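Each remark here refers to the structure printed beneath this line.
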Amino acid sequence: MTDRQNRVGSKFGGGGQASGQNAERDRKERLRELALESVDLAKDPYLMRNHLGTYECKLCLTLHTNEGNYLAHTQGKKHQAGLARRAAMAAKTAPTLPSPAVGSIATSQ
């Protein structure tokens, strides 16, 4: 009878090869850390930390457990669509100033 308990990859005790799920989780965590280094969240007007310690996007009204999840959200379709909608609304309501006529400036001599 062979000893099957101490094989690599056995169910009991782990210690086997890393699964694809663990590798994917590690990759995502490294990407989040890299994004946190390159983006300054203090300047983001839509990020708010609530009293529960979670992060909230004021534009989309979504809750996020950490900064990395919020950064992933900012790259997503819902947030980008909200930014586009907000920019279009701001352009529509911005007062337009009349442009000066090029040849109608009178000079006194």
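The values are calculated or read from the model by the stated rules, or taken from the named source; none is laboratory data. Because the structure is predicted, anything quoted here is derived from the model rather than measured. Note: ideal-geometry Cβ built from the backbone for every residue, glycine included; neighbour counts use all protein chains shown. Please note that ligands, DNA and RNA were not included when accessible areas were found on the heavy atoms of the full protein model with its side chains. Shrake-Rupley method; radii C 1.70, N 1.55, O 1.52, S 1.80 Å.
Just to be sure I understand, how many residues within segment 38-55 are under 15 Å from A72 (Cβ atoms) and within 13 Å of the chain's Cα centre (by Cα)? Give the derivation first.
Looking only at segment 38-55, we keep the residues that are under 15 Å from A72 (Cβ atoms), and these are 38-39, 41, 44, 46-47, 54-55.
Now drop any that are not within 13 Å of the chain's Cα centre (by Cα), which leaves 38-39, 41, 44, 46-47, 55.
Total satisfying the criteria: 7.
Being charged (D, E, K, R) and over 30 Å from Q75 (Cβ atoms) is the filter; apply it to segment 1-36 and report the residue that is modelled with the highest pLDDT. So that I can check it myself, show each step before the final result.
As a first pass, look at segment 1-36 and keep what is charged (D, E, K, R): 3-4, 7, 11, 24-30, 32-33.
This time we only want the ones that are over 30 Å from Q75 (Cβ atoms), so: 3-4, 7, 11.
Details: D3: 59, R4: 59, R7: 63, K11: 60.
Result: R7.
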Next on the checklist: With the requirement that a residue be hydrophobic (A, V, I, L, M, F, W, C), more than 25 Å from M89 (Cα to Cα) and in a loop (DSSP other than H, G, I, E, B), what does segment 23-60 give you?
Outcome noted: V39, L52
Checklist entry - (1) open to solvent by less than 60 Å² (accessible area, probe 1.4 Å); (2) touching a Pro at 6+ places or on another chain (Cβ under 9 Å): which one isn't true of C60, the others all being true? => result (2)
Next on the checklist: What are the pairs with Cβ atoms under 6 angstrom where one residue, in segment 61-80, is farther than 17 Å from L31 by Cβ and in a strand (DSSP E or B) and the other, located anywhere, is at pLDDT 85 or above and not small (G, A, S)? Sequence gap at least six, or different chains.
Outcome noted: L63/T54; L63/E56
